[in-house]
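Just below is one structure, and these are the notes that go with it.
The values are calculated or read from the model by the stated rules, or taken from the named source; none is laboratory data. Small disclaimer: the values here were computed from a predicted structure and weren't measured. Virtual Cβ from ideal backbone geometry, glycine too; neighbours counted across all protein chains shown. Ligands, DNA and RNA are excluded from the accessible area calculation, which covers all protein heavy atoms including side chains. Shrake-Rupley method; radii C 1.70, N 1.55, O 1.52, S 1.80 Å.
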Amino acid sequence: MATAAPDTGVESCAAAPIGPSYREKDQKPQATVSGKIKFDTVHVLPQTPQLIALLTIIRDKNTQRGDFIFYSNRIIRLLVEEGLNHLPVEGHEVTTPLGRTYAGVRFEGKICGVSIMRAGESMEQGLRDCCRSVRIGKILIQRDEETAQPKLFYHKLPADIADRWVLLLDPMNATGGSASMAVEVLKSKGVAEERILFLNLIASPEGLEHFASKFPKLRVITAFIDEGLDDKNYIVPGLGDFGDRHFGTLND
Amino acid sequence: MSEVRSLGYSPPWHDTHIIGIAGSSGSGKTSVAAELVRMLNLPWVVVLSMDSFYKELTPDQSKLAFQNNYDFDSPDAIDFDILVDRLRDLKAGKKAEIPIYSFEKHQRVPGKTTTIYSCHVLILEGIFALYDQRVLDILDMKIFVDTDSDICLARRLARDVKHRGRDVRGALQQWHRFVKPNFELYVRPQMKNADIAIPRGIDNITAINMVVKHIQRALNAKSEAHLKKIAELGQQVLEKPLTDNITILEQTSQLRGIHTILQDRKTSREDFIFYFDRLASLLVEKAMDRMTFTSHEVLTPLNLPYKGLRCASAICGVIVLRSGGVFEVGLKRVVPDCKIGRLLLQSNIRTGEPELHHLKVPPNLSNHQVLLLDPQIASGAAALMAVRVLKDHGVEEGNIVFLTYMATKVGLGRLNAVFPEMKIVVAGIEVDWTLRWIDEKYFGC
């Protein structure tokens, strides 16, 4: 299903042998790896065996909540680390404890996180694991039942957000509707598009394509591009409702 | 991988120096052994008593034993086959499980053993330590303690009555019936197998001093050979390219930024710990990519299949103390329920030779994929030893991932050449020699 037409520049996710280079091809286990999309601004985490194993755990409907939180947090940390790599640095020389000179770099500019409520808030811990006292703004966007369109209900952002790099957090990028609206909010506060990094765990090819075309300078970092969307706009095979699984608000 | 020929490495406990001490019951063998241990004052001197190798008795023999009528002082009472087997393992630097013998029950304690591993000097003491030719072939030094038989009898009586709960009559009966005739028949003739006989036993300070000097010379020679071998390895590996079993983290801007903070002597400990833990988690994540995985299909909450992977076996972290302790937080962030083994290696201040002081690993370590953690590889000598310890505990080389923060080229090369199947993950390479300082800054002492 969801084999995208070639002219969209999307290559569907497919089974492949994966593993490190020193392992023979027939010794590498088969697993479904992320699809590909032809946008320079979209960065998919390297499809390593370990990442696939983490995704396998959080996709599994039998995974308990504690494990879901722990293993999704590990992926989120990897996403944050990858995102931070896109921030600029400047040369910085220091003296080591052994008295030698080390030509290093230091981070330039200020950052902040912005989570799209509520699922995006589940990514805040992972962000804090990497950036201790980072400021975190929030945006609440919900689907309007009358129009079926996303609607902005609330936002609270750092006053100087226009001077900061923004890590926008939302674990699932299905249609890209909420994320687009969040970006519009950020832009209206004076944040330049190229200073926004959108981090998510699983994206649909449709949502990504829509989003990346709309914001050509905005960078997206995702762990996996899935098969597609079903008729309810759920990502398939996906992992269910991330927020519900993380916060334990499933009714069963 | 097949064209990669591994270079040899022998730990300093390979070719263990084994000393046999024989002599009559009550001659003071145990005291002489204890005095040698005291004078050598090294943690790697182990005394092995031949009492551990008594044969298991049949019910009939057991009955005789309880009536003081079983001949424990004959060579037939000793299980030389097991003794020789264990001595050969120890001589080869391997781990040996020593049976535990219960004098109350005249049986081996079932399912229990004492583990001996990595001793540099082993002292085998027992009345028949110089009896079996196979044992004699293994021994590096053969000592016979030659004490006057009156003194032997007096000591034995005192010990049997005081510590072994026997009455004087029973003890004397044993002496006359078994000990004395066997001494003449089997024990005393061993003297001709000895390199050195020590008259008066423990009281003969001059003789014991000579023995100690001899052992020290042998140990120094071994230590020099070990260090020389490691130095030679360094020369050989410098020309060789590193194989792709070595992963150096991609030097991204963030990683370089973290390096800079960690390398800056002005960085506060609070910041140092935060950034080191962050880097440690990244390193462990990278190391986990080097584990073996198998296909695993799951159903998502939408009841759709996803063909994924899972780790092929349990993970065990082994921390090379003290420095390796800095990885513990990072390790637990990635594998929270990871079993953790520890080994303490210390460099000898005088020679720089690494020494194994402590070792505690899970019993079924060989069923695990092992993450070996040490933040700095300088000469590689400590790392070589740590890997060797894992291999001696049955871990396959291909199931070991060595994780380090910084390493010298020569240290990495040595490890790679000696253990070509092992994976190494390193956060950065230092070109030249490096002193250990990471753990000092992390722990603040």
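Overall, the accessible surface of the range B:1-132 at a probe of 1.4 angstrom is composed of carbon and sulfur to the extent of 49 percent. Applied to the range A:155-160, the Karplus parametrisation 6.51 cos²θ - 1.76 cosθ + 1.60 on θ = phi - 60° returns per-residue 3J(HN,Hα) values of 8, 9, 10, x, 4, 9 Hz, with x for Gly and Pro.
Between B:Gln346 and A:Ala162, the modelled labels are 6.3 nm apart [label points 7 Å from Cα along Cα→Cβ]. For chain A, a Gaussian network of Cα nodes joined below 10 Å ranks A:Val183, A:Val105, A:Val44 by mean-square fluctuation, and the top entry is A:Val105. Per residue, chain A exposes 44 Å² of accessible surface when a 1.4 Å probe is rolled over the protein heavy atoms with every protein chain present. For chain A, the extents of the C-alpha atoms along the principal axes are 59, 54, 41 Å, listed from largest to smallest. From the Cα gyration tensor of the range A:61-111, with a ≥ b ≥ c the square roots of its eigenvalues, which class applies: rounded if a/c is under 1.5, or else prolate if a/b is larger than b/c, or else oblate? It is prolate, given that a/c is not under 1.5 and a/b is the larger ratio.
Dipole magnitude for the range B:242-443: computed about the Cα centre from +1 point charges on Lys and Arg Cβ and -1 point charges on Asp and Glu Cβ, it is near 220 debye. Distant-in-sequence amide contacts of B:Leu48, defined by a placed amide H-H separation under 5 Å and a gap of 5 or more residues or a different chain, comprise B:Ile123, B:Leu124, B:Glu125.
Treating r as the C-beta distance of B:Ala154 and B:Lys63 and R0 as 35 Å, the FRET efficiency rounds to 0.70. Computed as a quarter of the hull surface, the mean projected area of the alpha carbon convex hull for the range B:348-397 stands at 4.0 nm². Surface exposure of the range B:242-443, expressed per residue as accessible area with a 1.4 Å probe, stands at 35 Å².
Shielding value for A:94-104 is 6, the average number of Cβ atoms from other chains within 10 Å of each residue's Cβ. The calculated P(r) of the protein assembly as shown, using every Cα pair and 20 Å bins from 0, goes 16, 37, 26, 16, 6, 0 in percent. The A-B contact accounts for approximately 4900 Å² of buried accessible area, totalled over both chains at a 1.4 Å probe radius. Annotation for B:Glu397 and B:Asp76: the two label points, set 7 Å from Cα along the Cα-Cβ direction, are 4.8 nm apart. Put simply, the C-alpha atoms of the range B:17-224 give a gyration tensor, and the ellipsoid matching it has half-axes of 28, 21, 15 Å, longest first.
Normalised per residue, the accessible area of the range B:17-224 is 48 Å², obtained with a 1.4 Å probe and no contribution from ligands, DNA or RNA.
Using the reciprocal of the averaged 1/r over all distinct C-alpha pairs, how large is the Kirkwood radius of chain B in Å?
Details: mean 1/r = 0.0399 Å⁻¹.
The Cα-based Kirkwood calculation yields 25.1 Å.
Between B:Lys360 and A:Glu194, take the C-beta separation as r, use R0 = 45 Å, and let me know the FRET efficiency to the nearest 0.05.
0.25
Pairs exceeding a 24 Å alpha-carbon distance, out of B:Lys91/B:Lys360; B:Lys222/B:Lys423; A:Lys38/A:Lys138; B:Lys91/B:Lys228; B:Lys266/B:Lys423: B:Lys222/B:Lys423; A:Lys38/A:Lys138; B:Lys266/B:Lys423. When the solvent-accessible area of chain A is split by element, carbon and sulfur atoms take up 47 percent of it, the probe being 1.4 Å. Given R0 = 60 Å, the distance between the Cβ atoms of B:Arg88 and A:Arg100 translates into a calculated FRET efficiency of 0.75.
For the pair B:Leu435 and B:Asn303, label points projected 7 Å from Cα toward Cβ lie 6.8 nm apart. Rounded to whole numbers, the Karplus 3J(HN,Hα) couplings from phi for the range A:207-220 are x, 5, 5, 4, 5, 5, 6, 6, 10, x, 9, 7, 8, 10 Hz, using 6.51 cos²θ - 1.76 cosθ + 1.60 with θ = phi - 60°, and x at Gly and Pro.
Got a sec? Which residues of the range B:293-312 lose 20 Å² or more of accessible surface with every protein chain in place, vs. that chain alone, 1.4 Å probe? Buried by 20 Å² or more upon assembly, which counts only protein chains, are B:Phe293, B:Ser295, B:Val298, B:Leu299, B:Thr300, B:Pro301, B:Leu302, B:Asn303, B:Leu304, B:Tyr306, B:Lys307, B:Leu309. Where in the range B:129-172 does the amide nitrogen come within less than 18 Å of the point 7 Å from the Cα of B:Ala218, taken along Cα to Cβ? From the range B:129-172, the list is B:129-145. Based on alpha-carbon atoms, the Kirkwood radius and the radius of gyration of the range B:242-443 give Rg/Rh equal to 0.99. The amide H of B:Leu344, built 1.01 Å from its N in the peptide plane, has B:Leu321, B:His357, B:His358, B:Leu359 as neighbours under 5 Å, considering only residues 5 or more places off or on other chains.
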